Amino acid sequence: MKKITLQIVMVFLFALMVSATANSANSPVKKVTGEDLQALLADGGQITVVDVREGRAFKSGHIPGAVNIPYNGRDKEHFTRLGKEERIVFVCYGGTMSNDIAGILLDDGYKYVYNLQRGMFGWHGELER
């Protein structure tokens with residue numbers, strides 16, 4: 001019974017991963033890798049990194065200098081404090097939710113929004129706590 005349950009869970013997780021990858025692959029949002037973001041931050045460029053995970057996850061470790069604006073899936077008004085001309089990189093756990101948010105802001109006229117590929121899984125730099 002445990003073996004069947006494990007197989008069902010594995011198939012479900014694989015399907016979920018394929019679906020998320022397909023959705024973000026068709027997105028107009030520009031993506032940056034963790035290495036790209038590290039280089040941009042090291043160069044001192046004007047970039048706002050917005051971590052959209054809930055506060056507890058943010059406090060457990062985030063990209064140095066990132067601001068935390070948790071996203072609940074409905075309320076985009078929290079992002080209006082970001083300038084439409086700012087260069088903004090969104091980050092979440094795995095890149096899907098941040099990609100969606102970046103797409104919403106692109107549709108609202110923000111010009112320079114990016115998504116961190118693979119979210120925090122794609123970040124291999126230092127963490128701030």
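Take Lys76 and decide whether it is at pLDDT 95 or above, surrounded by 12 or more Cβ atoms within 10 Å (Cβ to Cβ), of a type in the set (Lys, Arg) and at negative phi.
no
Give the residues of region 79-103 that are among the polar types (S, T, N, Q) and surrounded by 14 or more Cβ atoms within 10 Å (Cβ to Cβ), sorted by residue number. Let's see the steps before the verdict.
So in region 79-103, the residues among the polar types (S, T, N, Q) come out as 80, 96, 98-99.
Selection gives Thr96, Ser98, Asn99.
Restricting to region 52-67, name every residue that is within 13 Å of the chain's Cα centre (by Cα), under 18 Å from Glu86 (Cβ atoms) and touching a residue at least 24 places away in the same chain (Cβ under 8 Å).
Selection gives Val52, Ile63, Ala66.
Across region 80-104, which residue is modelled with the lowest pLDDT among those that are over 26 Å from His124 (Cα atoms) and outside any loop (DSSP other than H, G, I, E, B)?
Looking at the filtered set, the residue picked out is Thr80.
Within region 48-61, is there a residue that is modelled with pLDDT of 95 or more, touching a helix residue (DSSP H, G or I) at 6+ places or on another chain (Cβ under 7 Å) and assigned to a strand (DSSP E or B)?
Looking through region 48-61, at least one residue is modelled with pLDDT of 95 or more, touching a helix residue (DSSP H, G or I) at 6+ places or on another chain (Cβ under 7 Å) and assigned to a strand (DSSP E or B).
Those residues that are of a type in the set (Phe, Trp, Tyr) and either loosely packed, with under 13 Cβ neighbours inside 10 Å or assigned to a loop (DSSP other than H, G, I, E, B) (or both), I need them from region 105-120; list them, please.
Within region 105-120, just Tyr110 meets the criteria.
Give me the pairs, please: first residue somewhere in region 68-83 and free of Cβ contacts under 8 Å to residues at least 12 places away in the same chain, second residue anywhere and surrounded by 13 or more Cβ atoms within 10 Å (Cβ to Cβ), beta-carbon distance under 6 Å, and either six or more positions apart or on two chains.
From residues that are free of Cβ contacts under 8 Å to residues at least 12 places away in the same chain, the pairs are His78/Ile69.
The values are calculated or read from the model by the stated rules, or taken from the named source; none is laboratory data. Small disclaimer: the values here were computed from a predicted structure and weren't measured. No Cβ is skipped: glycine too gets one built from the backbone with ideal geometry, and neighbour counts run over all protein chains shown.
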